[in-house]
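> Here you go, one structure.
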Amino acid sequence: MASTTASQKAHLRSLIHELLLSPECQKIDFDFAFSHGYGYNRHKVDGWGYAHIALCLETPLNSGRGVSVRVQDETAEGVGASYDYGQNFIEVPAAVFGHTPIERRTLVHECTHALRDAHGMKSRINGAAGVPLGRTRGVEEEAEAFIAGALYLIYEGRAGGFTLATPTAPVFAAAQAIALKIADTPGALVGVGDHADLRKAILANKTYDKFMHGNMDFVYAPGPNGIKL
Ligand SMILES: [Zn+2]
């Protein structure tokens, strides 16, 4: 079994740090509307937020706090990355990860979960002044993360001069369709109706269906509760 060395982990952390501060990631800027127990709310996903997550990444200076990076046992089955809301870590499938546009899209997706976690119940919205964010459904947190990843890929494609094909997987196709609509409108609002198709695709996807069981009201536990710097 290949175990990950401290220097590989340090490399991964600095790769994620650079990614979050890259012009392409910093360009991501949208307001995500979602529904919860007492109405609708919005969560802002933007470069300031990603810069905050870059600051949260665990270093020797904030050891035991912040967001740490873990590497899956390469012999283990799962191939995806994930973010853990309870212990605040990003897990990637291999020590060598983040070197392709698709892998970077995945990292942006996971860091969007971390951003939601960092905000916790704190609102950064302009609209319903000071109304706490409240509890989000898991499917909506996923939709938000898929949109952010799709936007990132569009901006990286533009910067690198490659054009994106329409993804074959319905989740990525639905996320890309939303992202293409808002890519040139900083601060665009993605309304609850705008991400309905994406939510359906997430619920139908077998990765999520394993624990959401097609349940729109499934919530992640523990929910987003803040990250100590
Ligand atoms: Zn996710």
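The values are calculated or read from the model by the stated rules, or taken from the named source; none is laboratory data. Predicted, not measured: the structure shown is a model, and the values here were computed from it. In this analysis, Cβ positions are derived from the backbone assuming ideal geometry, glycine residues included, and neighbour counts consider all displayed protein chains.
> Give me the helices (runs of 4 or more DSSP H) completely within segment 20-121, filtered to those with at least 2 residues that are at pLDDT below 95 and among the basic types (Lys, Arg), ordered by residue number.
Values: elements: 23-26, 47-56, 101-119.
Here the list is empty.
> Just to be sure, is Ala179 more than 15 Å from the ligand (Cβ to nearest atom) and closer than 21 Å to His43 by Cβ? First the steps, then the outcome.
Details: more than 15 Å from the ligand (Cβ to nearest atom): yes; closer than 21 Å to His43 by Cβ: yes.
Here the answer is yes, as Ala179 does meet what is asked.
> Okay, next question. Output yes when any residue across segment 178-187 is in a loop (DSSP other than H, G, I, E, B), modelled with pLDDT under 95, out of contact with any Cys (no Cβ under 6 Å at 6 or more places or on another chain) and of a type in the set (S, T, N, Q), and no when none is.
The answer is no; no qualifying residue exists.
> Here is a further query. Give the residue that is nearest to Lys9 (Cα to Cα), with candidates limited to residues of segment 79-99 that are free of Cβ contacts under 8 Å to residues at least 60 places away in the same chain and within 13 Å of the ligand (Cβ to nearest atom).
Per the criteria, the residue is Glu91.
> Follow-up question, since we're still on this one. If you take the residues of segment 194-215 that are part of a loop (DSSP other than H, G, I, E, B) and under 19 Å from the mean Cα position of the chain (by Cα), which of them is farthest from Ala179 (Cα to Cα)?
Within segment 194-215, the first condition is being part of a loop (DSSP other than H, G, I, E, B), and the residues that meet it are 194-195, 205, 213-215.
Those still in the list that are under 19 Å from the mean Cα position of the chain (by Cα) too: 194-195, 205.
Numbers: Asp194: 11, His195: 11, Asn205: 19 Å.
That would be Asn205.
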